[in-house]
1. Once amide H atoms are placed 1.01 Å from N in the peptide plane, what residues at a sequence separation of 5 or more from residue 108, or on another chain, have their amide H within under 5 Å of its amide H?
2. Taking only the C-alpha atoms, wrap a convex hull around the stretch 25-125 and report its volume per residue in Å³ as a whole number.
3. Each residue of the stretch 82-95 in order: what ³J(HN,Hα) in whole Hz does its phi give by Karplus 6.51 cos²θ - 1.76 cosθ + 1.60, θ = phi - 60°, with x for Gly and Pro?
4. Which listed residue (65, 97, 110) has the Cα farthest towards the positive end of the charge dipole for the stretch 25-125, taking +1 on Lys and Arg C-beta and -1 on Asp and Glu C-beta about the Cα centre?
5. Run down the lysines and flag those whose C-alpha is under 29 Å from the C-alpha of residue 54, throwing out any fewer than 8 positions away in its chain.
6. Starting with the fewest neighbours, write out 90, 57 ranked by other beta-carbon atoms found within 10 Å of each beta-carbon.
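Only the coordinates and a few stated rules stand behind these numbers; no lab work does. All values reported here derive from a predicted model rather than from experimental measurement. So basically every Cβ, Gly included, is an ideal-geometry build from the backbone, and we count neighbours across all protein chains shown.
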Amino acid sequence: MLRVIMFIAFLAAASALASVFIFDDKLKTELKDYNALAESGLIERGWLPDFLPKSIRDISEEHDLDSNIVTASFMIDPGDVGGFDSVCRRGFASDAQVVYECDYQDSEITIKITKEGFGVLVSRPKRSHNKSHHSQP
């Protein structure tokens, strides 16, 4: 009887583990710098905007194929925000960080930049558009 219970527990654990790896619709990318970003195709596919600064580095990007929500963290030179200023509007600002809100193509993007140059980007499809606005890799 104990063997049957152990076998059932093993099958349940294996099934749960397989669903995490097989049905996880999130794709993650780690990139060193702007050149790697440009070569990755993430900008051309619409996952990341084309106005990110050339000083961008240490990029960690994740996009959810079901929701089309993109999150990314990165570093930039703190003064290299001209692209954000030209495309986005400044929201909340303090001594510690600036928040940019961008209406870009089919996405609503929020970008937070700290005074040290650490950035976080969250991109969501506009509510009035079809869910599948980004092309898959």
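1. 124, 126
2. 85 Å³
3. x, x, 5, 5, 7, 10, 10, 10, 6, x, 4, 9, 9, 5
4. Farthest along the dipole direction, towards plus: 97.
5. Cα-Cα hits under 29 Å: 26, 28, 32, 112, 115, 126.
6. Ranking 90, 57 by Cβ neighbours within 10 Å, fewest first, gives 90, 57.
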